[in-house]
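**Student:** Sharing a structure, written as structure tokens. Questions coming.
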Amino acid sequence: MRTIVQAFTGGLSSTKAYTDGDTEKLISSIERSGAESAIIGWNAGAPYGKITSTLHEMKKKAFLWLPVFSELGEEAVVATDYLGHKHAGAVSGAEDDFTFACPSEPGNIGLAAECYDRYFSGCGFDGVFLDKIRFSSFGNGFESGMGCYCKRCTGYYNSEGVDMGEFMELMESSNKSFLIPKALHGMRYSFENALIDRLFAARAKLMAESVAKAVGMFRQRGLEVGLDVFAPTFAYLFGQDIEALAEWADFIKPMIYRVTDAPAGIPYEAVHMKTELERNGCNIGDKLAELWGTEELHSDGCFKKQLTLLGKLPCRVYSGVEVNKADFCATSAEYVENTIKAACESEIAGCVLSWNVLAETVYPL
Ligand SMILES: [Zn+2]
């Protein structure tokens with residue numbers, strides 16, 4: 001069982017001071033868990049040179065945690081919803097900004113690497129860990145959850161056989177049950193309506209191509225690359241074809257956060273998906289759970305099914321398990337231990353203690 005620890009130092013221009021106490025906490029979590037590396041970021045003000053030297057002395061690798069299509073400030077071109085409005089700013093209770101940028105815009109694709117060069121090159125990182133490589137979820141509302149429909153993105157969907165005029169007509173209908181997936185194929189969903197089926201496939205293909213470009217920029221800089229992805233139960237619905245993304249990565253970390261009431265947490269995403277779809281003429285009910293052959297998406301059974309599929313991927317997979325603040329994350333020593341045990345019994349490489357060992361209040365190891 002391999003372990004990685006993840007530490008959040010604050011947003012890019014956060015004024016939160018990083019202290020020696022934080023490094024002590026990081027080291028202690030690495031020692032207690034026997035972690036092989038640490039993912040840390042992305043407050044530009046933290047003393048990464050010192051942190052990476054300490055990690056290297058311990059023979060551990062250091063990955064810079066960096067968002068791609070969100071969080072990188074005003075230079076990013078914000079996504080446009082299908083009604084033509086810019087996505088509204090979305091800040092969660094988890095101290096992040098969840099407003100999403102358009103994944104087609106070349107400037108957006110290159111922004112993470114630019115940011116790396118500006119603030120983090122020369123800090124001794126062995127690799128980067130790329131987060132926010134998806135479209136917005138329904139946590140930001142129905143329109144945002146449908147993704148980006150700017151000129152570039154709609155041009156792409158068109159070239160993949162999605163007639164945008166027909167799509168707009170469909171979206172005007174008061175019954176939007178065409179948005180409910182029909183079947184599960186590995187980690188991808190299919191839809192009864194052929195146009196919607198092509199649209200979701202096109203969104204995932206577009207995202208995979210854009211991520212591949214961003215990954216290439218970091219490879220050119222001699223860096224290893226890890227990717228943060230949604231739990232397989234939701235990933236495809238927000239533009240993540242996990243099988244395609246795994247081709248580009250040294251490792252991936254599916255955020256199978258079963259007790260987190262914040263973005264990417266299964267209870268949070270499930271509730272927002274249900275309510276936002278229902279408000280817009282689509283009663284999805286427990287259809288996703290049913291497709292996974294379970295009653296609840298956060299159940300042990302559903303977790304194990306996801307691990308089985310993830311174990312077949314061509315790169316190393318570390319399941320994300322919550323070691324975090326208890327105010328939005330109902331984690332416990334027992335939950336973390338059970339999650340790690342299930343990961344051990346599967347074919348995946350291990351776990352990432354996520355997403356903030358600096359804030360952890362529960363430590364089971
Ligand atoms: Zn776009």
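**Student:** Read through the list (1) outside any loop (DSSP other than H, G, I, E, B); (2) farther than 27 Å from residue 121 by Cβ; (3) not β-branched (Val, Ile, Thr), then give the number of the only condition that residue 38 fails.
**Tutor:** Only one criterion in (1) outside any loop (DSSP other than H, G, I, E, B); (2) farther than 27 Å from residue 121 by Cβ; (3) not β-branched (Val, Ile, Thr) is unmet by residue 38, namely (2).
**Student:** Still on this structure, I have one more. Any chance you could count how many residues in segment 259-272 are surrounded by 23 or more Cβ atoms within 10 Å (Cβ to Cβ), at pLDDT 95 or above and touching a helix residue (DSSP H, G or I) at 6+ places or on another chain (Cβ under 6 Å)?
**Tutor:** 1
**Student:** Which one is nearest to the ligand (Cβ to nearest atom), of the residues in segment 120-156 that are in contact (Cβ under 8 Å) with a residue 24 or more places away in the chain and of a type in the set (Val, Ile, Thr)?
**Tutor:** Here the answer is 133.
**Student:** A further question on this structure: Can you name the condition, by its number, that residue 57 falls short on among (1) free of Cβ contacts under 8 Å to residues at least 40 places away in the same chain; (2) out of contact with any Asp or Glu (no Cβ under 9 Å at 6 or more places or on another chain); (3) within 16 Å of the ligand (Cβ to nearest atom)?
**Tutor:** (3)
**Student:** Restricting attention to helices (runs of 4 or more DSSP H) lying wholly within segment 73-180, give those where 1 or more residues are loosely packed, with under 14 Cβ neighbours inside 10 Å.
**Tutor:** Correct list: 106-115, 151-159, 164-172.
**Student:** Report yes if some residue within segment 294-317 is surrounded by fewer than 20 Cβ atoms within 10 Å (Cβ to Cβ), touching a Cys at 6+ places or on another chain (Cβ under 7 Å) and not charged (D, E, K, R); otherwise report no.
**Tutor:** Checked segment 294-317: at least one residue is surrounded by fewer than 20 Cβ atoms within 10 Å (Cβ to Cβ), touching a Cys at 6+ places or on another chain (Cβ under 7 Å) and not charged (D, E, K, R).
**Student:** Does segment 158-179 contain any residue that is within 16 Å of the ligand (Cβ to nearest atom), within 28 Å of residue 98 (Cα to Cα), hydroxyl-bearing (Ser, Thr, Tyr) and without any contact (Cβ under 8 Å) to a residue 60 or more places away in the chain?
**Tutor:** Within segment 158-179 (the criterion being within 16 Å of the ligand (Cβ to nearest atom), within 28 Å of residue 98 (Cα to Cα), hydroxyl-bearing (Ser, Thr, Tyr) and without any contact (Cβ under 8 Å) to a residue 60 or more places away in the chain), the answer is no, since none of the residues qualifies.
**Student:** Next question. Identify all residues within segment 290-320 that are in contact with a Ser or Thr (Cβ under 8 Å, 6 or more places away or on another chain) and free of Cβ contacts under 8 Å to residues at least 60 places away in the same chain; write none if there are none.
**Tutor:** Once the filter is applied, which keeps residues that are in contact with a Ser or Thr (Cβ under 8 Å, 6 or more places away or on another chain) and free of Cβ contacts under 8 Å to residues at least 60 places away in the same chain, segment 290-320 yields 301, 303, 304, 305, 307, 308, 311.
**Student:** How many of the residues in segment 35-50 are more than 24 Å from the chain's Cα centre (by Cα) and in contact (Cβ under 8 Å) with a residue 40 or more places away in the chain?
**Tutor:** Counting residues in segment 35-50 that are more than 24 Å from the chain's Cα centre (by Cα) and in contact (Cβ under 8 Å) with a residue 40 or more places away in the chain gives 1.
**Student:** Between 206, 227, which is at negative phi, in a strand (DSSP E or B) and crowded, with 20+ Cβ neighbours inside 10 Å?
**Tutor:** 227
The values are calculated or read from the model by the stated rules, or taken from the named source; none is laboratory data. Everything numeric here is computed off the predicted structure, so don't read it as measured data. All Cβ positions, even for glycine, are placed from backbone atoms using ideal geometry, and neighbour counts span all protein chains on display.
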